[in-house]
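The values are calculated or read from the model by the stated rules, or taken from the named source; none is laboratory data. Computed from a predicted model, the values in this text were never measured in an experiment. Reconstructed Cβ throughout: ideal geometry from the backbone, glycine too, with neighbour counts over all protein chains shown.
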Amino acid sequence: MTNTLYRTIWISDLHIGSTQCQADVLLDFLKHNDSETLYLVGDIIDFWALSKKMYWPRDHNTVIQKLLRKARHGTQIFYIPGNHDENVRDYDHYVFGDIVVRNSAVHTTADGRRFLVVHGDEYDAIARHHQWVARLGSVGYDWLIEINRFLRPIRRWLGLQSQFSLAAYIKHKVKNVVQFISDYEENIVHTLRNESLDGVICGHIHHAEIKTIDQFVYVNTGDFVESCTAIVEHFDGRLELINWLGRELLALPEPLYAPG
């Protein structure tokens with residue numbers, strides 16, 4: 001497989017330092033995809049998980065080394081912290097190994113559209129005001145991911161698709177969770193649509209999406225835990241959602257306006 005060069009790449013929710021992280025898939029993605037700019041959109045290092053159990057296998061270290069190598073070789077990398085790595089927010093505008101920490105950023109695409117880049121927990125009422133509930137939910141989510149790790153070889157043995165996410169399946173079947181995702185998306189759009197922006201690019205809820213809500217473009221990077229997805233910008237400004245497990249490309253509709 002040849003390398004693909006993009007103008008910009010956004011990835012989030014890597015959860016390095018937790019058993020959730022699919023470091024092998026992530027490394028494969030980083031190996032075959034380069035960009036002029038790379039945004040790490042929060043929950044990159046999972047300090048919540050590390051505070052409960054020290055888990056740092058060799059391939060997690062390789063991910064960090066790969067990112068630092070990209071930065072040294074000219075990729076402009078911005079690290080935008082999330083709630084699982086919120087302590088990094090104290091270092092806004094600091095530079096670590098050529099990687100710039102920014103609590104948020106505004107990215108202008110090649111076709112002139114302006115997107116706020118933010119992790120997104122700021123727009124999640126549970127994460128902001130009821131952190132103990134969020135942490136409790138995180139524990140339950142961890143269990144689903146662990147169960148999924150045991151299910152994969154069983155599904156492979158049965159001749160079923162091994163890259164199956166139990167957590168994602170449950171999220172799409174439980175009505176309250178589906179409603180939470182919808183409320184989260186609409187809350188972000190309602191808050192930002194009058195801020196002289198064309199859209200938002202975020203992560204946080206592990207649900208990859210490109211959609212237009214009230215003429216405001218909502219983009220979610222997904223994660224490298226369940227679906228292993230990323231957002232990329234081509235050199236003409238087009239945005240695409242890449243599913244690295246399925247190699248599926250979901251194109252963003254034509255720009256909402258012609259800049260100029």
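List of remarks:
- Sole exception among (1) of a type in the set (A, V, I, L, M); (2) within 22 Å of residue 49 (Cβ to Cβ); (3) modelled with pLDDT under 95 for residue 125, by number: (2)
- Extreme residue, surrounded by the most Cβ atoms within 10 Å (Cβ to Cβ), among residues of the stretch 1-26 that are assigned to a loop (DSSP other than H, G, I, E, B) and among the aliphatic types (A, V, I, L, M): 14
- Taking (1) assigned to a loop (DSSP other than H, G, I, E, B); (2) within 22 Å of residue 32 (Cα to Cα); (3) of a type outside the set (Val, Ile, Thr) in turn, residue 93 satisfies each apart from (2).
- Within the stretch 5-17, residues that are at positive phi reach partners that are buried (at least 24 other Cβ atoms within 10 Å of the Cβ) and among the acidic types (Asp, Glu) with beta carbons closer than 7 Å, at six or more positions or on different chains, in the pairs 13/43; 13/223; 15/43; 15/46; 17/46.
- Some residue of the stretch 48-59 being touching a residue at least 40 places away in the same chain (Cβ under 8 Å) and either at positive phi or out of contact with any Leu (no Cβ under 9 Å at 6 or more places or on another chain) (or both): yes
- Evaluation of residue 54 against the conditions (1) over 23 Å from residue 219 (Cα atoms); (2) at pLDDT 95 or above shows that the sole unmet condition is (2).
- Conditions (1) part of a helix (DSSP H, G or I); (2) in contact with a Cys (Cβ under 9 Å, 6 or more places away or on another chain); (3) among the aliphatic types (A, V, I, L, M); number of the one not met by residue 67: (2)
- With respect to (1) part of a loop (DSSP other than H, G, I, E, B); (2) touching a strand residue (DSSP E or B) at 6+ places or on another chain (Cβ under 6 Å), the lone exception for residue 39 is condition (1).
- Across the stretch 9-28, the qualifying residues are those that are under 13 Å from the mean Cα position of the chain (by Cα) and of a type in the set (A, V, I, L, M, F, W, C), and the one among them that is farthest from residue 208 (Cα to Cα) is 16.
- Annotation note: of 34, 24, 28, the sole residue that is touching a Leu at 6+ places or on another chain (Cβ under 9 Å) and either free of Cβ contacts under 8 Å to residues at least 12 places away in the same chain or charged (D, E, K, R) (or both) is 34.
- Entirely in the stretch 158-260, the strands (runs of 3 or more DSSP E) that have 3 or more residues that are of a type in the set (A, V, I, L, M) and modelled with pLDDT of 95 or more: 229-233, 239-243
- Positions within the stretch 97-114 being surrounded by 16 or more Cβ atoms within 10 Å (Cβ to Cβ), over 15 Å from residue 44 (Cα atoms) and among the aliphatic types (A, V, I, L, M), in sequence order: 105
- Annotation note: of 29, 78, the sole residue that is in a helix (DSSP H, G or I) and either modelled with pLDDT under 95 or of a type outside the set (A, V, I, L, M) (or both) is 29.
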